[in-house]
Amino acid sequence: MAAVKVFGSAAFTNVTRVLVCLEEVGAEYEIVQVDFHAREHKGSGHLARNPFGQVPAFQDGDLVLFQSRAISRYVLRKHKTDEVNLLREGDPEESALVDVWMDVEALNFDTAMHAVFYQHRVAPALGRTADEKIIGDNIEKLKKVLDVYEARLTKHRYLAGDFLSLADLSHFPETHYFMGMPYAAVLDAYPRVRAWLKELFARPAVKKVISLMAKDFQ
Ligand code: GS8
């Protein structure tokens, strides 16, 4: 089977979401760099793969996809086995809970995390001053999300239930960068969240992708 292609650097959190799924299922893949400095992401070749001019894009034979969570679901469906079923496909209740917590990750957690990341890392790199008010407001939003996670993880080992799923894995990229920021101590108030993250970050697939992130981060 030919290796699938993931377009975009492993420094990008949305790219790593896809990579960790490929690693978890043991699929072969090739990372195809997209040169942001040369604005290749806004060129016709890349726009044909992702009409929003963003990474990741993904190719498996004739199938071309974008949106990291949709790509991740495709990878996990394609390679689903009885042992590795990270979407809980085949069980309507469990898969619905995976969907719920995937939405929470995308709409509540990631929006707050990304705003902090953007102000702390991206704005200064673009020569702008980080907006401390935006950072503060989003740390407060994040705390509210973490309150919900702490309560959930007190009842269940993972977010969707007592089974690991994409809903958990999907959190690792933004969290990895957050842990390297001065705000990381925010997590200390959430012991169950910390234990959950410790377990996630100990997974071989997560460790492998973190090593790729470090290599690609400029
Ligand atoms: C977001 C992609 C995205 O923002 C997804 O794939 O999940 N919802 C989409 N990609 C960023 C890199 S951050 O990982 C990107 O390509 N930005 C460049 C741009 O917007 O021009």
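Every number here is computed from the coordinates shown, using simple stated rules; none is lab data. Bear in mind the structure is a predicted one, so any value in this text is a computation, not a measurement. Because the Cβ atoms are built from the backbone with ideal geometry, glycine has one as well, and the counts that use them run over all protein chains shown.
Please grab the % of Cα pairs in the stretch 102-218 that end up more than 25 Å from each other. Please list the in-between numbers first.
Numbers: 1509 of 6786 pairs.
It works out to 22 percent of all Cα pairs.
Going by neighbour counts of Cβ atoms within 10 Å, the residues Asp110, Asp162 line up, fewest first, as Asp162, Asp110.
Helix content alone sets the calculated 222 nm mean residue ellipticity of the chain: runs of n ≥ 4 DSSP H residues at -39500 (n - 2.57) each, divided across all residues, give -15000 deg cm²/dmol.
How much net charge surrounds Glu94 when only the other residues with a Cβ under 12 Å from the Cβ of Glu94 are counted, with Lys and Arg +1 and Asp and Glu -1? Don't skip to the answer; put the middle values down first.
Details: positive: Arg88; negative: Glu89, Asp91, Glu93, Asp99, Asp162.
That sum, taken over residues with Cβ under 12 Å, equals -4.
Taking the convex hull of the alpha carbon positions in the stretch 1-89 and averaging its projected area over all directions gives 5.7 nm².
Determine the sum of side-chain charges near Val145: Lys and Arg each +1, Asp and Glu each -1, restricted to other residues whose C-beta is under 14 angstrom from that of Val145.
Details: positive: Lys141, Lys143, Lys144, Arg152, Arg192; negative: Asp103, Glu105, Asp110, Asp137, Glu140, Asp147, Glu150, Glu174.
Neighbourhood net charge equals -3.
Compute the normalised compactness of the stretch 1-158: alpha-carbon radius of gyration over 2.2 N^0.38 Å, N being the residue count. The value comes to 1.18.
If you average the C-alpha positions of the stretch 19-36 and of the stretch 176-202 separately, how far apart do those two centres end up, in angstrom? So the two Cα centres are separated by 25 Å. Placing unit charges on the Cβ atoms of the charged side chains and taking the dipole of the chain about its Cα centre, the candidate lying farthest along the positive direction among Leu146, Ala3, Gly61 is Leu146. What you get for the stretch 110-196, charging only the Cβ of Lys and Arg (+1) and of Asp and Glu (-1), is a dipole of about 100 debye around the Cα centre. Packing-based ranking of 183-193, 52-62 yields 52-62, 183-193, ordered from highest to lowest mean Cβ neighbour count within 10 Å.
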